[in-house]
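Everything below concerns the one structure shown next.
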Amino acid sequence: MPADLVLLHGFTQTGASWDGVVRELAGRYRALAPDLPGHGQAAHRTPSFDACAAYVRALAPARTFTLAGYSMGGRIALHSALTLGPSIVTRLVLVGASPGLSDPAERAARRAADDALADRIETLDIEAFAREWGSQALFAGQPPRVAAGAHADRLRNTPAGLAAALRGLGTGVMEPLWDRLPELAIPVTLIVGERDEKFRAIAAQMAERLPNAQLVVIPGAGHAAQLEDPAAVAAAIHQSTVSSSASA
């Protein structure tokens, strides 16, 4: 029977952003990629980290599963794995993700910036904000096909939903989880793009604190490695699961 895999998307995306990875996994998993609160079909749901953990648990299969997340979805996945525990989440895969900001002053400044951006999002139409968000240096170097697909996915959202998600799930509102990383005895795969220098450094720091971590760098990819090279990300997910099963 295929293993169960839950995939959590990033801010401004929807579950459809994982379609390429799901195709590459070719039925080896029972994959579920929901729209997270504030996004897509779940725009009406109130976004918070605890609410997302409960939402994932309610949507996921009754048995144990591997939980994967990208960027914002990675932070939610990390929080959910710690909340739900190893009897439910048996593997964790984080793509371009962070455990949050440990410095209180930096976190407060980021929260203020996120709140201001949320206010601004509500004054824009989704087309305008989607173009603005996609023009960030974080996504520089994406192939035109990838950038176009990411833009189309962003248009599945609403300004009100994204503003709510930023207020409830932004980096500034997240309680930092750096000190809790040693609690995660389950296998954790950290996936980062080769060109994503900031998150490569974060992943290396996380790997030092996690008891059972594997760091995978996707050659040539940027921050959204699962969009730029879904085959490589799918291979990393599958290989880490196979390796874990063999060593169990």
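Here Leu190, Leu215 are screened, and the one residue that is outside any helix (DSSP H, G or I), among the hydrophobic types (A, V, I, L, M, F, W, C) and closer than 18 Å to Val89 by Cβ is Leu190. Taking the range 63-85 as the range and being assigned to a loop (DSSP other than H, G, I, E, B), of a type outside the set (S, T, N, Q) and either within 15 Å of Val21 (Cα to Cα) or in contact (Cβ under 8 Å) with a residue 12 or more places away in the chain (or both) as the test, only Arg63 passes. Out of Ala150, Ala113, Ala160, one residue alone is more than 24 Å from Ala54 (Cβ to Cβ), over 17 Å from the mean Cα position of the chain (by Cα) and among the small types (Gly, Ala, Ser). It is Ala113. Taken together, the residues in the range 126-157 that are part of a loop (DSSP other than H, G, I, E, B) and crowded, with 19+ Cβ neighbours inside 10 Å amount to 3. Go over the candidates Arg30, Arg57, Arg45 one by one and state the one that is at pLDDT below 95, at negative phi and touching a strand residue (DSSP E or B) at 6+ places or on another chain (Cβ under 8 Å). One residue alone meets the criteria, Arg30. The residues on offer are Gln226, Gln214, and the sole one that is closer than 15 Å to Gly73 by Cβ, surrounded by 15 or more Cβ atoms within 10 Å (Cβ to Cβ) and at pLDDT 95 or above is Gln226. If I filter the range 32-55 for residues that are assigned to a helix (DSSP H, G or I), farther than 23 Å from Arg156 by Cα and among the hydrophobic types (A, V, I, L, M, F, W, C), do I get at least one hit? Scanning the range 32-55 turns up at least one residue that is assigned to a helix (DSSP H, G or I), farther than 23 Å from Arg156 by Cα and among the hydrophobic types (A, V, I, L, M, F, W, C). Thr83: of a type outside the set (Gly, Ala, Ser) and surrounded by fewer than 18 Cβ atoms within 10 Å (Cβ to Cβ), yes or no? In short, yes.
Being surrounded by fewer than 23 Cβ atoms within 10 Å (Cβ to Cβ) and either modelled with pLDDT under 95 or part of a helix (DSSP H, G or I) (or both) is a description that does not apply to Thr123. Summed over the range 107-119, the residues that are surrounded by 13 or more Cβ atoms within 10 Å (Cβ to Cβ) and without any contact (Cβ under 8 Å) to a residue 60 or more places away in the chain give a count of 5. Any residue that is surrounded by fewer than 18 Cβ atoms within 10 Å (Cβ to Cβ) and part of a helix (DSSP H, G or I) - is there at least one of those in the range 86-96? Scanning the range 86-96 turns up no residue that is surrounded by fewer than 18 Cβ atoms within 10 Å (Cβ to Cβ) and part of a helix (DSSP H, G or I).
The values are calculated or read from the model by the stated rules, or taken from the named source; none is laboratory data. Since the structure is predicted, the reported quantities are computational estimates derived from the model, not experimental observations. Virtual Cβ from ideal backbone geometry, glycine too; neighbours counted across all protein chains shown.
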